[in-house]
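Each reported figure results from applying straightforward, stated rules to the coordinates on display, with no laboratory input. Keep in mind that this is a model prediction, so the values were computed, not measured. Neighbour counts run over all protein chains shown; Cβ positions are idealised from the backbone, glycine included.
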Amino acid sequence: MTDSTNSFAARPLRFDLIAFDWDGTLYDSTRLIARCIQAAVIDVGGAKPSEDDAAWVIGLGLAEALARAAPDVPKEKYAELGARYRHHYLQHQDDLVLFDGVLAMIDALRARGHKLAVATGKSRRGLNDALATVALRDRFDTSRTADETAGKPHPRMLLELMEELDVSAERTLMIGDTTHDLQLAINAGCASVGVSYGAHEPGAFDEFKPLYVAHSVASLADWLAVNA
């Protein structure tokens, strides 16, 4: 990261609220999630999805993600499918880490006066576990998960965040690594920024017109320092 901390303090705010996706945006978990989806599908007798297909559903609510990744698995096995995914994920959850530079970026944004939130397809239990693991709980003003609102790209989680923090859509920025995140922003009337180092190929981002596509946390922090 370049010397963006001073730039954060020197420029007026364009966005009062910055909402981050979690997996693949802040947390280096994309490959693990894809492999856990593959293993869960195999466990219940489905055809193993490719890693790309498993990665594409990341960001959706768990039930919808697993159903899309395993179209040949009957609905009566969805509960077992979800349980097998959680089994595989929990075995490796403590191995996961934040991307380099995330903490410094978050702290600089907070110091500048932005309200920060998480909008994720994870469950509430999964997000709380992750926040506790990486000591991020006190760095965010609030959060929403798919199981307590609606899965992406439905706008409910962003709309609830804006209402809770009393911020308009025009003053809200959504940052994520998937087309689901960028469509969520459009559906909620917000601007977006994409990151290319997560689950989806950045070539798919163009139609959603993000303000910027960051290829690293450092470039994301630098862009936010100048433009957020």
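Within the straight-line cut-off of under 27 Å between alpha carbons, the lysines reachable from LYS48 are LYS75, LYS77, LYS122, LYS152, sequence neighbours fewer than 8 places apart in one chain being disregarded.
Tally Lys/Arg at +1 and Asp/Glu at -1 over every other residue whose Cβ is under 13 Å from the Cβ of VAL41; what's the total? Local charge sum for VAL41: 0. Sorted fewest first by neighbouring Cβ atoms within 10 angstrom, MET162, MET157 come out as MET162, MET157. Counting charges near HIS87 (Lys, Arg +1; Asp, Glu -1) among other residues having Cβ under 12 Å from its Cβ returns a value of 0. Near THR178: Cβ cut-off under 11 Å, other residues only, Lys/Arg at +1 and Asp/Glu at -1. The net charge is -4. Computed over the Cα atoms of the range 30-95, the ratio of the radius of gyration to the Kirkwood radius (Rg/Rh) comes to 0.92. Beta-bridge orientation, the chain: approximately 5 percent antiparallel, per DSSP, counting only bridges with both partners inside.
Kirkwood radius and radius of gyration were both taken over the C-alpha atoms of the range 145-228, and their ratio Rg/Rh is 0.96.
In summary, the convex hull built on the alpha carbon positions of the range 141-192 has an orientation-averaged projected area of 3.2 nm². Result for the chain in a Gaussian network model with C-alpha springs under 10 Å: among GLU76, GLU163, GLU64, the largest mean-square fluctuation is at GLU76. Taking only the Cα atoms of the chain, the radius of gyration and Dmax are 17.1, 57 Å. Each Cα pair under 8 Å and six or more residues apart adds its separation to the average, and for the chain the resulting relative contact order is 27 percent.
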